[in-house]
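Colleague: Below is a structure I'd like to ask you about.
The values are calculated or read from the model by the stated rules, or taken from the named source; none is laboratory data. Here the structure is a predicted model, which means the values were calculated and not measured. In this analysis, Cβ positions are derived from the backbone assuming ideal geometry, glycine residues included, and neighbour counts consider all displayed protein chains.
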Amino acid sequence: MTDKEYRKLYEKSTRDAQNRLFGEYFSYVYAIVFNKLRSCASKEDIEECVSDVFADIFEHFDSETSYCGDIKGFIGTVAARRAVSFFRSISAASGRTVPMEGSGADCIADSTDLEKSTERAELRSTLLKLIDELGHPDTAIIMLKYYYGLSSSEIADIVSMESPAVRVRCTRALRRLKNKLAELDIDLKEAES
């Protein structure tokens, strides 16, 4: 959905425009927020943050400002910034600090480890690109299952599907992903490591 499509729908019906935007980007926003807050927030906190993200997005688009092009990048930025802000407020309230990313001290390694680490990073980047190419909701299902470890029933709640349908979509998406990896001469087991 582009900004123009959203604004056109918004002119007809504010509620329909917001519902469509929410339906199209909920899984994407949830995945970003979950990734940032999983170490310190409860499920309710994560859901509250997702709601705040959409409130910010709707508030932005209700104003007269215009954003040209695909709004996925804008939504991703709003979600990441809101999640980081939420993370900081939770950390400050609890009086403890938890690093957002891995600590820098454990990243020092010899050249062999650095080479392996670089290869793994490139492989992960390729894998994430291919997963993203699967499209919605397959991308969300794969990310939520294999990156965040959620069960089929939890994923079903997030993507508004039945649990058996999630399992079938996951199986088919994995098959397509395996074929894409095979085209690049990458074994699925190699990609998982």
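Colleague: What are the residue pairs meeting all of these: first residue in the stretch 8-20, first residue in the same structural domain as Phe61 (by TED's automatic domain parsing) and within 15 Å of Ile57 (Cβ to Cβ), second residue surrounded by 13 or more Cβ atoms within 10 Å (Cβ to Cβ) and not hydrophobic (A, V, I, L, M, F, W, C), Cβ atoms under 6 Å, and 6 or more apart or on different chains?
Modeller: Ala17/Tyr6; Ala17/Tyr10
Colleague: Ser89 fails exactly one of the following numbered conditions: (1) among the hydroxyl-bearing types (Ser, Thr, Tyr); (2) at pLDDT 85 or above; (3) under 28 Å from Ala173 (Cβ atoms). What is the number of that condition?
Modeller: Ser89 satisfies every listed condition except (3).
Colleague: Within the stretch 97-193, which helices (runs of 4 or more DSSP H) (wholly inside it) include 2 or more residues that are outside the structural domain of Lys43 (by TED's automatic domain parsing) and either among the aromatic types (Phe, Trp, Tyr) or at pLDDT 80 or above (or both)?
Modeller: 111-132, 138-142, 152-159, 163-183
Colleague: Got at least one residue in the stretch 61-79 being among the β-branched types (Val, Ile, Thr), modelled with pLDDT under 85 and within 27 Å of Asp157 (Cβ to Cβ)?
Modeller: yes
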